[in-house]
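Please treat every number below as a calculation from the coordinates, not as lab data. Given the structure is predicted, the values throughout are model-derived calculations rather than measurements. Cβ sites come from the backbone with ideal geometry, for glycine too, and all protein chains shown count toward neighbours.
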Amino acid sequence: MSGVRLAATLVGILAAGACAYGGQASPGPAGPPIAPSGGVATPAPGAAIRHFDLTAAPLALQLGPGVKALAWAYNGQVPGPTIRVAQGDLVVVTLHNRLPEGTSIHWHGLAVPNGEDGVAGVTQDAIPPGESATYSFVATATGTYWYHSHQDSAAQVGRGLYGPLIVDPPGAAPAGVADRTLIYDEWPLGLLGSRAPKAGDPLLITYTTYSVNGRTGAAIAPVTWQPGQTVRLRLVDAGNLVHFLHLDGIPYRVVAFDGHSVTGGPLVTDVLAIGPGERIDVEFEGSARSSWLRMLDSMPPAEQAGVALQPIGSAPPVGGSPSPVHDAVLDPFTYTATAAGPDAVPSALPPTRSYTVALTSATMPGMPGMPASPDGVAYQMNGAVFPETGALDVRTGDIVWLTFVNQSRADHPIHLHGHLLTLVARSGSPAVGVIVKDTVVVHPGASVTVAFRADNPGWWMLHCHELYHAAGGMMMLLRYLDVPRLANLGGPYHSQPD
Ligand code: C2O
Ligand code: CU
């Protein structure tokens, strides 16, 4: 579909009334909340059933000596407990809400049935305070994923409601691999005091402390290995900023982008850029030499986000300022690796539908319906803010190409739920490798095209994973025609994905 047709479609949607997209609170008495639905009861043949309990509650989080955050956490820890299962396992997670507000959980990057996707206001109602809900899905794909709240997610993920979700291939873990997960996050000044500011306060986007696995500075645990082991680092960005990471003096290979294994990637020493929602798995040979995984961002808190890389039995690496780095930034569009398995949409397969989504921003004080964004900016898709952004329509079996055109001055890490995105091209240059992702950073001025198979019916979020951009309007829906929407925004449980 051309941009012109798309614009006409959106006008039609708007004329039909925003109510069709659930913008309004439903009147009348509150029935029981709409729960996660469509879950499955059986694992793949030969696989296990794995039960997990997560309790979401406030927590005074000690990020480091003298640095405490007003966190919200799963099971009293940030990140939440690791959910680690084997491919094919049935994952059953009961979430107990001990927060003062409604909440939900989304399984970022895993294609689960629509009703299990955990998006308040789209696939379920927010789970009210004091209540519990159970999710169940089969872990169909291997790799590094993460889970996080999808009710008012800028605020809730920002406070720490996230954790790692790792799906191993069936069978025993490979011997000789030291497997470590590092989750990066930023903490705003507004959560480091004794009382959190109200929604919309700029102190909530004034990041003064960066954390790795919920700790900062010297409190960050080193990555250790037995010399001779291969070290696999699963890097996750649970925050709202793109970070630049560098393995000092250690050549590495990327073995997965957003959980999806790649083979054939070259050994590089490049700086790794990781954006909100993204995961990058890298492997290197664990030598007998200590080193640093540094964060090279220009902002001062980056100096507190270095991770010591330390063979067991060796002294910690020496501190001091990083040696100047002249390496290139690793780029998934130019990295020559090939996605393992049949997940990629072959480049020869022509799309049956194409959409273009313009990413813009505007300061529009007082615009009716403009969501509260602490920087006072509306973040738009095709000129509108959610829920007026409407939906992109597909049918099961479609091969869909999406092109995002970033006409703003900020990076936008765009994430689609429920589907796997194959990188097609950026600003006219085809992707060099065959890379499958679920979150793609679109830089200012760039246009990025991705392809996916419409093979998971439902209504799915498509949004920026800088969650304050999402809260500021940069969200829309992907809608399978003739498939009902499971839940609506607002209502007695105040459901609101962001
Ligand atoms: Cu990681 Cu819509 O989410
Ligand atoms: Cu954005």
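Quick notes on this one:
- Gain in span if fully extended, Asn75 to Ala57, counting 0.36 nm per residue against the direct Cα distance: 5.7 nm
- Measuring spread by the Cα atoms of the range 32-168 yields a radius of gyration and Dmax of 14.6, 50 Å.
- Per DSSP, loop trypsin sites (Lys or Arg not before Pro) in the range 141-204 with at most 14 further Cβ within 10 Å: Arg195, Lys198
- Net +/- balance of residues flanking Val268 in space, Cβ distance below 10 Å, scoring K and R +1, D and E -1: -1
- Along its principal axes, the range 108-184 has C-alpha extents of 45, 27, 21 angstrom, given from the largest down.
- Acute angle (nearest 10 degrees) that the helix 3-16 long axis makes with the longest principal axis of the chain, alpha-carbon atoms: 50
- Semi-axes of the equivalent ellipsoid of the range 177-330 are 28, 18, 14 Å, computed as sqrt(5λ) over the eigenvalues of the C-alpha gyration tensor in descending order.
- Peptides 38-45, 443-450, 226-233 ranked from most to least packed by the mean count of surrounding Cβ atoms within 10 Å: 443-450, 226-233, 38-45.
- On the beta carbon distance between Asp482 and Ala41, with R0 = 30 Å, the FRET formula returns roughly 0.70.
- Volume per residue of the convex hull around the Cα atoms, evaluated for the chain, comes out as 145 Å³.
- Calculated mean residue ellipticity at 222 nm for the chain: -1500 deg cm²/dmol, from DSSP H runs with n ≥ 4 weighted as -39500 (n - 2.57), summed, divided by the residue count and rounded to 500.
- In Å, descending, principal axis extents of the Cα set of the range 444-491: 36, 31, 12
- Centre-to-centre separation between the Cα atoms of the range 120-144 and those of the range 85-110: 5 Å.
- Calculated over the range 361-480, the projected area of the Cα convex hull averaged across directions stands at 7.1 nm².
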